[in-house]
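Quick notes on the structure that follows.
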Amino acid sequence: MQNILGEKIRKLRKEKGFTLDKLAELAESSKSYIWELENKNPPRPSAEKLAKIAEKLGTTIEFLLDEGAEVSQEEAADAQFYRQYRKMDSATKDKIRQMVKLWGDDA
């Protein structure tokens, strides 16, 4: 039986150039916990820890847990960006909207 969650965490971790130690440090977890998620079957993730891991990997919990191909990594990254965007103050949001508008005018 495949461990899709573990495969996705490992793949994204390696794409970011993170070691087990580095991801554990960033996600405020332990190296052994990250290793277990990547290698145990079935993994038993904590929602809170999985949310931190997803954030540090630039994705969403939904992407990590999706066993089908319904959510792409790009869509998950966009969803994570939008969640961060919603937490920003109005001035920062305005600056981002202005930058996006400038980029769109060049297209």
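Defining a contact as two alpha carbons under 8 Å apart and six or more residues distant in sequence, what relative contact order in percent does the range 29-107 show?
17
Output the relative contact order of the range 1-70, whole-number percent, from Cα pairs under 8 angstrom with separation of 6+ residues.
39
Rounded to the nearest 0.05, what FRET efficiency is calculated for residue 79 and residue 28 with R0 set to 22 Å and r the Cβ-Cβ distance?
0.50
Helix 4-15 versus the longest principal axis of the chain: what is the Cα-based angle in degrees, 0 to 90, to the nearest 10?
Helix 4-15 sits roughly 60 degrees off the main axis of the chain.
Leaving out ligands and nucleic acids, and using a 1.4 Å probe, what accessible area per residue does the chain come to in Å²?
69
The values are calculated or read from the model by the stated rules, or taken from the named source; none is laboratory data. Owing to the predicted nature of the structure, the values given are computational and were not obtained by experimental measurement. In this analysis, Cβ positions are derived from the backbone assuming ideal geometry, glycine residues included, and neighbour counts consider all displayed protein chains. These area figures cover heavy atoms from the full protein model, side chains too; ligands, DNA and RNA do not enter into them. Shrake-Rupley method; radii C 1.70, N 1.55, O 1.52, S 1.80 Å.
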